[in-house]
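Asks: Pasting a structure here, questions to come.
Throughout, read-outs are computed from the coordinates displayed, never taken from laboratory work. Because the structure is predicted, anything quoted here is derived from the model rather than measured. All Cβ positions, glycine included, derive from the backbone under ideal geometry; neighbour counts span all protein chains shown.
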Amino acid sequence: MSLSDISSLPKLEVQYEDKLYHLIAYFFLNTAWLLAIVPYSSKPFKKNVLISLGIISFGIIVEILQEITTDYRVFDIYDIIANSSGVIISYSTFHFFRKRFLKI
């Protein structure tokens, strides 16, 4: 969805609605990768950091590609901040629940 035209999606009438969408999307993207990869890892801390940094990098690259390859999407530093915040919240939440409930 990052490179597609989303102008036809319904509006929530919430201030900074698109930033909320970015945060939620990257939260779930990072959480899905952590849940998929980390239980099979011999060095979970290192893998968690690499996964999360990789997803943050992916978000930055996508923002740059939006500016370069489309005429309906633009580069926005606040999207990068929202994406990164979603990843950081995901990372923190995953570690909190992993130690207490998941036993991985």
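Asks: ³J(HN,Hα) across the range 47-61 via Karplus (A = 6.51, B = -1.76, C = 1.60, θ = phi - 60°), whole Hz, x for Gly/Pro?
Replies: Values per residue, Gly and Pro as x: 5, 4, 5, 5, 4, 5, 5, x, 6, 4, 4, 4, x, 5, 4 Hz.
Asks: Give me the distance in nm between label points sitting 7 Å out from Cα along the Cα-to-Cβ direction at residue 71 and residue 58, one decimal.
Replies: 3.0
Asks: So which chymotrypsin sites (Phe, Trp or Tyr not before Pro) in the range 21-104 pass both tests, a DSSP loop state and at most 10 other Cβ atoms within 10 Å of the Cβ?
Replies: Qualifying residues, ordered by number: 72.
Asks: Over all directions, how big on average is the projection of the convex hull of the alpha-carbon atoms in the range 17-102, in square nanometres?
Replies: 5.9
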